Every structure is written in structure tokens, then in C-alpha cells.
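Visitor: This is the structure I want to talk about, given as C-alpha cells.
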Amino acid sequence: MIKLIRTNSDNNDFVKLVNLLNDYLKIIDGDDHEFYNQYNGIDTLKNVIVSYIDDKPVGCGAFKKYTENEVEIKRMFTLPETRGQGVASKILKELEDWSKELNFEACVLETGKRQIEAVQFYKKNNYTIIPNYGQYEGISNSLCLKKMLD
């Protein structure tokens, strides 16, 4: 059974999972890693989800306010050995529900074009490609997506 908890960036399990995510992204992003990494600090994240299976932390995600009406989804990660079990979908849904509870209307996010599984995952969860926003404008490896919350 997958258990989700709402927490913040002080959560030790979240910090450990984000470190694993960063190790993975260093490989995937290659020379672009330092550019992306500067926008992925977790010290100010107040809305964090950590997922557990049998009391073991297996996935995480977070959001932060982006505009008055939108949040930006950040730091989505699932351990490789638990992928395909619905962990990421449950985390994303919980982040969306939490955003709605706080009266936000949409979620935006950025992922790398090289992260094929992530792109497919977000499309499967009804995110649509939008023009690159903010610091990702003009960055050819970045893909930005958005979902309206209903």
C-alpha cells in the first residue's frame, strides 16, 4: 500500500530522495546540470509530499507558488525499483489536490526533453506543452507543461 504524507523541505526522507534525484539528473542533464540545479533548491519548499511503501520512502514531489493563480511542480522523483506502481501518479494527484485547497487554478512545470519517461508521465496526467516560461525561455532542452485544475 502506498502512503502519502504532507510535509515540508525539512523532512529527512524528502532530502534523501532529492539527493538521489540530483545524482540521476547529473547523468541525464550532463553539461546542462549546473544551469538547472541553480533553480532546484529545496530550502523554501513548504508544500512537499513524500510517498512510502512499507514505511520506506519511495517517492517525492513538491510545489511552490509561481503566480497568484499557479503553482510550479518541483522535485518529482520515484525510486527506480518502485516505478510503474502508481507512486508518481499518486504524488502528483496529491500535489494538485493540495494546490486546489489553497485556491490555485493551475500547475506548471519544467522537465528536460531528455527525460522521456517524465514527459510521457506528465502528458498521461493531462499536462499540455506550453511555451517555456521564466528562466527556461530559450533553453532548448527544457520542456514546460501546464494543467488547469478543475
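Residue-by-condition table, conditions (1) under 14 Å from the mean Cα position of the chain (by Cα); (2) part of a strand (DSSP E or B); (3) closer than 16 Å to Asn125 by Cα:
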site: Cys60; (1), (2), (3): yes, yes, no
site: Thr67; (1), (2), (3): no, no, no
site: Glu72; (1), (2), (3): yes, yes, yes
site: Met76; (1), (2), (3): yes, yes, yes
site: Glu94; (1), (2), (3): yes, no, yes
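Visitor: Let me ask something additional. Please find, within the range 35-67, the residue that is farthest from Gln85 (Cα to Cα) out of those that are among the hydroxyl-bearing types (Ser, Thr, Tyr) and modelled with pLDDT of 95 or more.
Guide: Applying the filter and picking the extreme gives Thr67.
Visitor: Among residues belonging to the range 98-150 that are assigned to a helix (DSSP H, G or I) and either modelled with pLDDT under 95 or of a type in the set (Val, Ile, Thr) (or both), point out the one that is surrounded by the most Cβ atoms within 10 Å (Cβ to Cβ).
Guide: Residue satisfying both the conditions and the ranking: Ala118.
Visitor: Looking at the range 73-99, I want the residues that are over 19 Å from Lys16 (Cβ atoms) and have a partner that is assigned to a helix (DSSP H, G or I) and not aromatic (Phe, Trp, Tyr) with Cβ atoms under 8 Å, at least 6 apart or on another chain. Which pairs are those?
Guide: The qualifying pairs are Ile73/Leu92; Ile73/Leu95.
The values are calculated or read from the model by the stated rules, or taken from the named source; none is laboratory data. Values in this document were obtained by computation on a predicted structure and should not be read as measured data. Here Cβ is always computed from backbone atoms with ideal geometry, including for glycine, and neighbour counts include all displayed protein chains.
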